[in-house]
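The values are calculated or read from the model by the stated rules, or taken from the named source; none is laboratory data. None of the values given here were measured: they were computed from a predicted structure. Methodologically, a virtual Cβ is constructed for each residue, glycine included, from the backbone with ideal geometry; neighbour enumeration extends over all protein chains shown. Only protein heavy atoms, including side chains, enter the accessible area calculation; ligands, DNA and RNA are left aside. Shrake-Rupley method; radii C 1.70, N 1.55, O 1.52, S 1.80 Å.
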Amino acid sequence: MKTLLVPPAGAAAEALTGRLGPAWSVRQSYLLDTAELDLLRVGVEVRLRRRARGKFDLAVSARRRGTELGCYRPRGARVEYDVVPEGVWKDIEVRRDIDSAIAASVIAGSAKARELLSTTQSQWALTGGYETLDDARLSELRVHGPMVVRRVKVAATGLGLRRVDLEHFRFPSGRELVELSTRCCPQEVREAAAGFEQLLAERDVVVAPEYCTKTSVWHDEIVGRRQRE
């Protein structure tokens, strides 16, 4: 379950954790797509993430509205349902760890981005969306970003929530999103939703009037920059 909060992130973190200046973990996230955003256009997102201690992972995700389970998913894929103010999305993700030297070469532009994808990830990037893409698109992948991601954990076990994260996303243009989220198993949705709503009501935070996805912001960032150029 996810919702956006009104910035600033620091004030939200203090209200949710009850601590002055809580410590944030920091990572960077890059979007891999063509100049024309062919993958985002069909509902596929490829993310290269730099985690703590210089480790990297790569995720290829396909998103669909609703909760139906009838669609194909690759072997080893992780399925998550995102319950957000605009509805429910199903995210089917294939993730793997990436050698840090190869990831650094791709970010620097001295290696091709498609070299990061496994065979399964490449196939999912081409076939997981609403349309099947030509393999040539993967040779045109570019590195967009980074987006800086800061995260702080929020204790809410008293409300029946095992894990709650507050994340602050800063895009290359400086645009910010502040997102509060919790995770649960499908059979725990009702209890988790009640606890999540109680958390928002009890802490001094303001829910944003509209919800937008990070994917939509990436799209606006890249299209806007291309138009300015």
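Tell me which label goes with the value of mean projected area of the Cα convex hull in nm² computed from the coordinates here: [x] 13.3; [y] 12.4; [z] 16.6. The listed entry that was calculated here is [x].
The alpha carbon centroids of segment 85-105 and segment 6-24 are separated by 27 Å. Here the Karplus curve 6.51 cos²θ - 1.76 cosθ + 1.60, taken at θ = phi - 60°, turns the phi angles of segment 195-203 into couplings of x, 5, 5, 5, 4, 5, 6, 7, 9 Hz, with x standing for Gly and Pro.
By a straight-distance test (C-alpha under 14 Å), which aspartates and glutamates pair with residue 2 as possible cross-link partners, with residues fewer than eight away in the same chain excluded? Hits, sequence-local ones excluded: 80, 82, 86, 91, 165, 167, 179, 197, 210. Once the 1.4 Å probe is applied to the protein heavy atoms, segment 95-203 comes out at 54 Å² accessible per residue.
Maximal additional length on extending the residue 170-residue 118 stretch stands at 15.9 nm, based on 0.36 nm per residue less the C-alpha distance. Translational diffusion of segment 125-166, estimated by Stokes-Einstein from the Kirkwood radius over alpha carbon pairs at 25 °C in a medium of 0.890 mPa s, is 170 µm² per second. Take each peptide in 5-14, 74-83, count the other Cβ atoms within 10 Å of every residue, and average; sorted highest first, the result is 5-14, 74-83. Kirkwood radius for segment 47-134, taken over all pairs of different Cα atoms as the inverse mean of 1/r, rounds to 14.3 Å.
Once the convex hull of all Cα atoms in segment 138-229 is built, its volume per residue stands at 141 Å³.
Once C-alpha pairs closer than 8 Å and six or more residues apart are averaged by separation and normalised to the residue number of the chain, the relative contact order reads 27 percent. Taking the accessible area of the chain, probe 1.4 Å, and keeping the other protein chains in place, the carbon and sulfur fraction comes to 48%. About its Cα centre, segment 92-229 has a charge dipole of approximately 340 debye under the convention of +1 per Lys or Arg Cβ and -1 per Asp or Glu Cβ, with nothing else charged. Label-to-label distance, residue 153 versus residue 225, with points set 7 angstrom from Cα along the beta-carbon direction: 3.3 nm.
Projecting the Cα atoms of 121, 200, 218 onto the charge dipole of the chain, computed from C-beta unit charges around the Cα centre, puts 121 farthest toward the positive end. The local environment of residue 131, defined by Cβ-Cβ distances under 12 Å, has a net charge of 0 under the rule Lys, Arg +1 and Asp, Glu -1. Using every pair of distinct Cα positions in segment 8-68, the Kirkwood expression returns a hydrodynamic radius of 14.6 angstrom.
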